[in-house]
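Here's the structure, in structure tokens; my notes come after.
The values are calculated or read from the model by the stated rules, or taken from the named source; none is laboratory data. Here the structure is a predicted model, which means the values were calculated and not measured. Neighbour counts are summed over all protein chains in view; Cβ atoms, including those assigned to glycine, are modelled from backbone coordinates with ideal geometry. Ligands, DNA and RNA are stripped out before the accessible areas are found, and what is left, the full protein with its side chains, is counted by its heavy atoms. Shrake-Rupley method; radii C 1.70, N 1.55, O 1.52, S 1.80 Å.
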Amino acid sequence: MLPALEVVVPMGRKAQAGWAAYQETYAPKVHTLPTWHPSPRVFASRPAARQEILDVLRTAERILSGGAVSGA
């Protein structure tokens, strides 16, 4: 249904598990950049999570802009 899909950023374990089940069969060439769930509980227990989420989103932006993927 999304033939031009290039990048997916599943946020949180449940989203990551759901995407993994789908991706294997239907979207094996789509870049997957998993990251933390953006909940207050995550931010309270993992202060670095906010920056990690932003870094992942910037990586997705680079991929979509035709840039190189480093570390993903």
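About the centre of its Cα atoms, the chain shows a dipole size close to 260 debye [charges on the beta carbon of Lys, Arg (+1) and Asp, Glu (-1) only; nearest 20 debye]. Oblate is the label for the chain, because a/c, from the alpha-carbon gyration tensor with a ≥ b ≥ c as root eigenvalues, is 1.5 or above and a/b does not exceed b/c. Tally Lys and Arg at +1 and Asp and Glu at -1 over the other residues with C-beta under 14 Å from the C-beta of P38: what net charge comes out? Summing Lys/Arg as +1 and Asp/Glu as -1 gives +3.
With a simple spin-label model that places each label point 7 Å from the Cα along the Cα-to-Cβ direction, the separation between F43 and H31 comes to 2.6 nm.
Nonpolar atom fraction for the chain, defined as the carbon and sulfur part of the 1.4 Å probe accessible area, stands at 58 percent. Principal-axis analysis of the Cα atoms of the chain puts helix 13-26 at an angle of about 10° to the longest axis. Ranking F43, M1, A21 by how far each Cα lies toward the positive end of the dipole of the chain (charges on Cβ) leaves F43 at the top.
In the full protein context, the chain carries 75 Å² of accessible surface per residue, based on a 1.4 Å probe and ignoring ligands, DNA and RNA.
Note on Y22 and R62: the model spin-label points, each 7 Å out from Cα along the C-beta direction, lie 2.6 nm apart.
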